[in-house]
1. Restricting to segment 76-87, name every residue that is open to solvent by 30 Å² or more (accessible area, probe 1.4 Å) and within 18 Å of ALA244 (Cα to Cα).
2. Before we move on, is THR172 more than 19 Å from LEU119 (Cα to Cα), in contact (Cβ under 8 Å) with a residue 12 or more places away in the chain and among the polar types (S, T, N, Q)?
3. Before we move on, is GLY48 among the small types (Gly, Ala, Ser) and either modelled with pLDDT of 85 or more or in a helix (DSSP H, G or I) (or both)?
4. Please determine, by comparing only the residues of segment 180-197 that are in contact with a Gly (Cβ under 9 Å, 6 or more places away or on another chain) and modelled with pLDDT of 85 or more, which one is farthest from LEU148 (Cα to Cα).
5. Only one of these conditions is not met by LEU113: (1) at pLDDT 90 or above; (2) outside any helix (DSSP H, G or I); (3) under 30 Å from TYR177 (Cα atoms). Which number is it?
6. Can you work out which of the residues in segment 14-29 that are part of a helix (DSSP H, G or I) and in contact with a Ser or Thr (Cβ under 8 Å, 6 or more places away or on another chain) is modelled with the lowest pLDDT?
7. Could you say which residue among VAL164, VAL132 is modelled with pLDDT under 85, hydrophobic (A, V, I, L, M, F, W, C) and not in a helix (DSSP H, G or I)?
8. Looking only at segment 202-210, decide whether some residue is out of contact with any strand residue (DSSP E or B) (no Cβ under 8 Å at 6 or more places or on another chain) and polar (S, T, N, Q).
Amino acid sequence: MNQRLKLIRDIGRTVQRNPQDGGQLRPVDLARGHGLSTQAIRNYEAAGILPGAERTPHGYRTYTPLHAQALRAFLALVPGHGHQTATLIMQAINRGTTEDALRLIDESHAQLLADRRTLQAVEAALHDLSPVPQERGDTFVGPLARRLGIRPATLRKWERAGLVQPRRDPRTGYRVYSAADVRDALLVHQLRRGGYLLEQIVPLIVQVRSAGGVAPLESMLCDWHARLSGRSRAMLTGAAALDAYLGC
């Protein structure tokens, strides 16, 4: 019995040293360990998230510990980078363009840093918020949309939700955004980047318009801080899992 256990341990160490050799796994073996369906495993392979699987003479897929490591890496990347970027990272690695994968990771970190600066800007803007004087604005939907990097349709959606309230030019019927409207649009855009839904932002915009203080906003800002910290930690976890996969 002791010799048999020793043999099992030796085989396990061999598989760990070289995950591409032996250790065949079925789709269900990969799926069960992560609460996934076998169809999800096949979809991940088809999408290039997992390396291509070998086939038995009867056409059944067989995976290896290398595939298991790829799956762990992908699932660890998703919370920090999002499903789409995590997919692109794994696709790049599996086609041998690791530099592309590293660039995507760098871009995610740069975006996280930009989001932190956005949060700081929101906090600074709210700290000394004062009512914006009524004045004739000359900003139209197209220029404002380009400034924010969004589509004009998004601004119109925000208008329907009551987040921005542009007036209409009586002669042309075009939307005209005042300084206060631009401020509201900038704040909505920042909060949307922070992951908030439109219905969650409405009370904030009402508070901003009245400039009656920022106390009701403190919990939202604390939650935003927690979201960013969570993403940072998730990126660390994803990096460790991806490094282990690259080491294979």
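The values are calculated or read from the model by the stated rules, or taken from the named source; none is laboratory data. Treat the numbers as computed from the prediction; the structure is a model and nothing was measured. Quick reminder, even Gly has a Cβ in these numbers, built from the backbone with ideal geometry, and neighbours come from all protein chains shown. For accessibility, only protein heavy atoms count, side chains too; no ligands or nucleic acids. Shrake-Rupley method; radii C 1.70, N 1.55, O 1.52, S 1.80 Å.
1. In the first step, residues of segment 76-87 are kept if they are open to solvent by 30 Å² or more (accessible area, probe 1.4 Å); the result is 78-79, 83-85.
Passing the criteria: VAL78, PRO79.
2. Working: more than 19 Å from LEU119 (Cα to Cα): yes; in contact (Cβ under 8 Å) with a residue 12 or more places away in the chain: no; among the polar types (S, T, N, Q): yes.
For THR172, the condition - more than 19 Å from LEU119 (Cα to Cα), in contact (Cβ under 8 Å) with a residue 12 or more places away in the chain and among the polar types (S, T, N, Q) - is not met.
3. On the way: among the small types (Gly, Ala, Ser): yes; either modelled with pLDDT of 85 or more or in a helix (DSSP H, G or I) (or both): yes.
So GLY48 passes the test.
4. Going through segment 180-197, the residues in contact with a Gly (Cβ under 9 Å, 6 or more places away or on another chain) turn out to be 180-182, 189.
Within this subset, residues satisfying the condition of being modelled with pLDDT of 85 or more are 181-182, 189.
Numbers: ASP181: 13, VAL182: 10, HIS189: 7 Å.
Among those that are in contact with a Gly (Cβ under 9 Å, 6 or more places away or on another chain) and modelled with pLDDT of 85 or more, it is ASP181.
5. Unmet condition: (2).
6. Taking segment 14-29 as the starting set, the residues that turn out to be part of a helix (DSSP H, G or I) are 14-17, 27-29.
Checking the rest, the ones that are also in contact with a Ser or Thr (Cβ under 8 Å, 6 or more places away or on another chain) come to 27-28.
On the way: PRO27: 88, VAL28: 91.
Looking at the filtered set, the residue picked out is PRO27.
7. On the way: VAL164 fails: modelled with pLDDT under 85.
Of VAL164, VAL132, the one residue that is modelled with pLDDT under 85, hydrophobic (A, V, I, L, M, F, W, C) and not in a helix (DSSP H, G or I) is VAL132.
8. Looking only at segment 202-210, we keep the residues that are out of contact with any strand residue (DSSP E or B) (no Cβ under 8 Å at 6 or more places or on another chain), and these are 202-210.
With the extra rule that they be polar (S, T, N, Q), the set shrinks to 207, 210.
Within segment 202-210, one or more residues are out of contact with any strand residue (DSSP E or B) (no Cβ under 8 Å at 6 or more places or on another chain) and polar (S, T, N, Q).
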